[in-house]
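A short reminder: the numbers here are calculations on the coordinates, not readings from a lab. Nothing here was measured: the structure is a model prediction, and the numbers come from that model. Cβ placement follows ideal geometry from the backbone for every residue including glycine, while neighbour counts extend to all protein chains displayed.
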Amino acid sequence: MLLSWTISYFRERWRVKRERKQVHQIQAQAQPQHQPLQYSQNAAHSSGKWRRKLLVVLVLAGVFGSFWLFWSMNSNINLLRTEMLANMCDERAHMLQDQFNVSMNHVHALAILVSTFHHGKQPSAIDQKTFAQYTERTAFERPLTSGVAYAVKVLHTDREKFEKHHGWTIKKMDMGDPSSPQEYITEKLDPAPIQDEYAPVTLSQKTVAHIVSIDMMSGEEDRENILRARASGKGVLTSPFPLLKSNHLGVVLTFAVYKTDLPADATPDQRIEATLGYLGASYDVPSLVEKLLYQLASKQTIIVNVYDTTNQSAPINMYGPSETDVGHLHLSKLDFGDPSRRHEMHCRFKQKAPPPWQAIMASAGVFVITLLVGHIFNAAINRISKVEDDYCEMMTLKIRAEAADVAKSQFLATVSHEIRTPMNGVLGMLQMLMDTKLDADQQDFAQTAYASGSDLISLINEVLDQAKIESGRLELEEVDFDLRIVLDNVLSLFTEKSRDKGLELGIYVSDQVPKAIRGDPGRFRQIVTNLVGNSIKFTEKGHILITVHLVEEVNNLIEVGDEVLKQQLELLKEWIDPSYSTLSGFPVVDRWKSWENFKKLGNVIATTEEIDMVRLLITVEDTGAGIPLDAQNRIFMPFMQADSSTSRIHGGTGIGLSISKCLVELMGGEIGFCSKPECGSAFTFTVNLKRGQIQSNLETNQNEIETFLKFQGLKGLVVDGKSIRAQLTRYQLQRLGICVELTADLESACSYASEASQSSANFQVDIVVIEEDGLENRTAIDTRHLLKELRENGRHKPLGKCPKIFLLARSRSAKLDELKSNGYVDEIITKPLRLSTLSKLILGTGTNKYFSKAKSPNLKSLLFGRKILVVDDNKVNRRVAAGALSKYGAEVTCVESGKDAVKMLQPPHAFGACFMDLQMPEMDGFEATKEIRSFESKINEQFKRQNGQSWHTPILAMTADVFQATHEKCMEWGMDGYVAKPFEEEQLYSAVKCFFLPDL
């Protein structure tokens, strides 16, 4: 398999080289515009080379790795086997050594006992019978000993006396064949030869009773053992020797028995002199080791040998079979208390180690896998080489797709310009037409045409916004704005539509939300407008409610301070009657579910950079048709609607929610919804904005201060049976600085007004706002009586002034108009309740400077008498711009090309500003601006040398291209600003005020 793979590899490599050579020859003949394609092909070919080299390296590394794995695993197996043998051998050695030391201590104690009770007592307290019985009973304390005996020290001069006393002759130890029991009949033993000292056994355990009367000094090993024992004062061991009546090798442990008055620091001579006898214990080593191994469960696993290695050249095998080479060998040292003797335990496994099947299988598996992976990789490389033949075509398609994308962006820019340019003329001319004297029908026709054109512009803007989002060129601005005023504008936008459908439309902003916010007010308004527009579109009855809170308020559900939020939470927890708790009395969905999946909702902002961050949570709630369950997962997809019939019944392009979602994400927030068919929907989104500052405008601030001072100290009373609706009315009144109280019905309002009028003037009611629903289910007489009583009870006693009574209604009716005409109410306010309407009615004026949007006087004061140059190659656009500017007193001069503009604006000239189109024949607006700035630079160099003054004409681009890149390009080429076509009066005011306002 490996050989066939190697042959196929080199054959495929030769084929690829040949094909690539042909491809390079073809590419060398290609045109220069295909250089990026050739570069990509060269990169692909080079990548093919290193892939094959990498394949060879990987295969060789795999083969080497398989051998290394076998070596490593086999080494680990051998190491584990060695460690296991060492642990088992050490365990047995420690057990044998510990038990021998215990037995040795008991033998030593017996030697002391003999010294005390045998030699220290007269007469002796120990005889043969007593010694035999005692040693027999205490044999369990010496489990390793086969017998204990005591030999007394007898000098040659005392031998005859000693023999007569005991009635037997001291016998010589016979070292004949130990396997013959008859050899150990003491009567048949020879008397001990004459010597200076004898050590006959006088006391013995029953197991060694046959050695009584035998002289221990007659044996060479025993004599040496006795001499070392009495000189050292410690227990000493003999070398292994055949034990009497046994075929086993054994050793004798000997302790000298001294006089009781021997000092502890006695010298060897003193010890020899004080010696009384010798206590010896014999050890049958094979039997003892066998008993020890029998106690262990793994005794059959290893072979144990015990050696006396005092003579390293000729060690004596005390236990175990002859050693054979079966693999690992481990040596454990044995310490039996005699430093002159050395002992070792040798351990081997009984069986040789089995083959390392695990290592063999693992390494073989790696080897096979390496070959398989190499085969697969080789097939993949061959496949890639085949695909590379089509690479040129794919790259060509890619270049075409990129060109198509560029063409798409250029097409959108061109469409934007080409559509906006005529629309600028249409809307401009319609605006000029509406400023003329028209009858009612003509005015209606013009307004309808203007509204239709505005809708078309809005549709174009949506499509362009979607295009900018897809291309990643949508950017946000950062300016300070009042969130409440932006929402008031949204409310005004949908006022007529909500009235036509009879819907409740309300806005509520928590008092925790700062008044000044820094962000993009236009995009924020676009999000809210899209959501409210959808709610208006799909809601036929009930209400639409817009609420704004801080995210922190929603996170802190334990201590909810906002009344509206608290009521929504109580509705969820306590199941309060929805007819009382919702704005219109219709059931609503659980708005809390619309943000339950937000991931950033619980994040706590604590960094220094984000300490001024304001995280808003905005909810748009409606009681509309709801979203079908099968369509809820695609509503944020562009150009997708819940139902194919939606576009025919309700209209729209289906990209409003998609744009809103992208804008929310650009603002660092999230958007979600909760919807239930036939119940309604709740859309919630969060945005991360910053705390802002109120713009310093002296005239505006002065009007604001004067207006709000008129409301300071006023007391208001809201009469509404629905708590949340009463909170929305209170919110609008409190924005004016009015202190507001709530009551549920007219009877309660009359009682409150009466009590307030009896108190000090600080508690008397100035304004009463009554909800229309409070008059339902009442007779006309009852209603008039209560309204009259309310007015009388609220009369200020010192001044006799009655409170103003306003009636909130969805629409006017004859019944309500009759109440006004008869003086029971001062005014009927048609919902939705707006701040501007409320302030005008309370003050009793038809206009209000602060709340009026009209900037015509300001614009007129800015432009009156100013000379302005308009540059545009389109005649209609020139007429529209000239008409709009001339309307406010500006002296307008129009030219149709960039070259003419350069001539007109060569310093010195009298023009205060220039409105310049960008796309013009011969010389566009960019080139013209560049030429103008070049002339001004030359003049400024002369002026600075003379008097330090400089020349700069404000140039504003009139562009139908709404892309941010175009705006940035305008600034780069030296323009001062831009106005998007079609432009309105507010745009003109914003564009020119920064140049002309300082001169006022």
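Check cross-link reach from Lys661 to the lysines: straight Cα distance under 17 Å, and skip same-chain residues fewer than eight apart.
Lys468, Lys599, Lys600
May I ask you to compute the full-extension gain from Glu418 to Leu438, defined as 0.36 nm times their residue separation minus their alpha-carbon distance, rounded to one decimal in nm?
Result: 4.1 nm gained on full extension.
Kindly provide log₁₀ I(q)/I(0) values, in the same order as q = 0.26, 0.29, 0.32 Å⁻¹, from the Debye equation applied to equal alpha-carbon scatterers of the stretch 500-551.
Values, matching the q order: -1.09, -1.18, -1.26.
Could you state the per residue volume, in Å³, of the convex hull enclosing the Cα atoms of the stretch 51-186?
Convex hull volume per residue, Cα atoms: 223 Å³.
Where Rh denotes the Kirkwood radius from the mean inverse Cα pair distance, what is Rg over Rh for the stretch 444-493?
Rounded to two decimals, Rg/Rh equals 1.10.
With the alpha-carbon atoms as the only input, what is the per residue convex hull volume for the stretch 233-379 in Å³?
205
FRET efficiency for Leu476 and Glu972, Cβ-Cβ distance as r, R0 = 22 Å, nearest 0.05?
0.65
Among the listed pairs Lys497/Lys820; Lys820/Lys840; Lys501/Lys820; Lys153/Lys234; Lys398/Lys969, which have their C-alpha atoms separated by more than 19 angstrom in this model?
Lys497/Lys820; Lys501/Lys820; Lys398/Lys969
Checking a compactness column here: for the stretch 93-140, what do you get for Rg(Cα) / (2.2 N^0.38 Å), N being the number of residues?
So the stretch 93-140 has a normalised radius of gyration of 1.39.
Going by average Cβ neighbours within 10 Å, how do the peptides 329-335, 718-724 rank, with the highest at the top?
The packing order, highest mean first, is 718-724, 329-335.
So what's Rg/Rh here for the stretch 735-835, counting alpha carbon atoms and using the Kirkwood radius for Rh?
Checking Rg against Rh, the ratio lands at 0.95.
Considering every Cα-Cα pair within the stretch 751-794, what fraction, in whole percent, is farther apart than 12 Å?
The share of Cα pairs beyond 12 Å in the stretch 751-794 comes to 63 percent.
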